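Okay, so here's the structure we're looking at.
The values are calculated or read from the model by the stated rules, or taken from the named source; none is laboratory data. Since we're looking at a predicted model, the values are computed, not measured. Positions of Cβ are generated from backbone atoms using ideal geometry, with glycine treated the same way; all protein chains shown enter the neighbour counts.
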């Protein structure tokens, strides 16, 4: 328990917009696509997430999100004291393929930023690829966060969310997902909660 922490790592590409923001609610645009190493028959592994500039935040750009990372982190106990906060280690892009795919997504975001329809509204300098893109990705990496996997079904809990070897204990949240989905985690988490809570209630 506690290993296999998976997340959706992301980097931001500023499109150079310096105009006014719109009143909330802001519109969000999301597109998913395959990196060059992933076949069309597999789920997408990259996403661009754009949100309209608002009165509170006039910045405009794209979050480049790696949907199918290979790197893993962990959650561990700090001590025997249950009141001590846990030690959480987010994935640190230890797998070179994660960096390469984020770099590919970053370049795709630059292609979007260079489109004439956007340049008519972005009056700042057109963004360009950094000289050391890998260093930028590693230094500016952030979590969405969409953390899952630390109580993975099949290794920590069974198909009914019961913890192996502990009677009467179940885990029903995103931590039981064996891997992070190619998209947002809230809908799968709701599905798990609705389905498994009914099962647990039926056993009493």
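Worth pointing out:
This table checks each residue for (1) within 27 Å of residue 151 (Cα to Cα); (2) surrounded by 14 or more Cβ atoms within 10 Å (Cβ to Cβ).
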| position | (1), (2) |
| --- | --- |
| 57 | no, no |
| 62 | no, yes |
| 68 | yes, yes |
| 71 | yes, yes |
| 87 | yes, no |
| 90 | yes, yes |
| 93 | yes, yes |
| 97 | yes, yes |
| 110 | no, yes |
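- Selected residue (only one of 2, 16 is assigned to a loop (DSSP other than H, G, I, E, B) and either in contact with a helix residue (DSSP H, G or I) (Cβ under 8 Å, 6 or more places away or on another chain) or in the same structural domain as residue 162 (by TED's automatic domain parsing) (or both)): 16
- Residue that is in contact with a strand residue (DSSP E or B) (Cβ under 6 Å, 6 or more places away or on another chain), surrounded by fewer than 17 Cβ atoms within 10 Å (Cβ to Cβ) and outside any loop (DSSP other than H, G, I, E, B), where the choices are 24, 31, 11: 31
- Scanning segment 39-55 for residues that are surrounded by fewer than 17 Cβ atoms within 10 Å (Cβ to Cβ) and touching a residue at least 40 places away in the same chain (Cβ under 8 Å) gives 43, 44.
- Only one of the listed residues (63, 59) is in a strand (DSSP E or B), in contact (Cβ under 8 Å) with a residue 40 or more places away in the chain and touching a strand residue (DSSP E or B) at 6+ places or on another chain (Cβ under 7 Å). That residue is 63.
- Selection within segment 35-49 - assigned to a loop (DSSP other than H, G, I, E, B), within 16 Å of the chain's Cα centre (by Cα) and more than 17 Å from residue 99 (Cβ to Cβ): 43, 44
- The residues of segment 167-204 that are over 27 Å from residue 43 (Cβ atoms) and either at pLDDT 95 or above or touching a strand residue (DSSP E or B) at 6+ places or on another chain (Cβ under 7 Å) (or both), listed by number, are 169, 170, 200.
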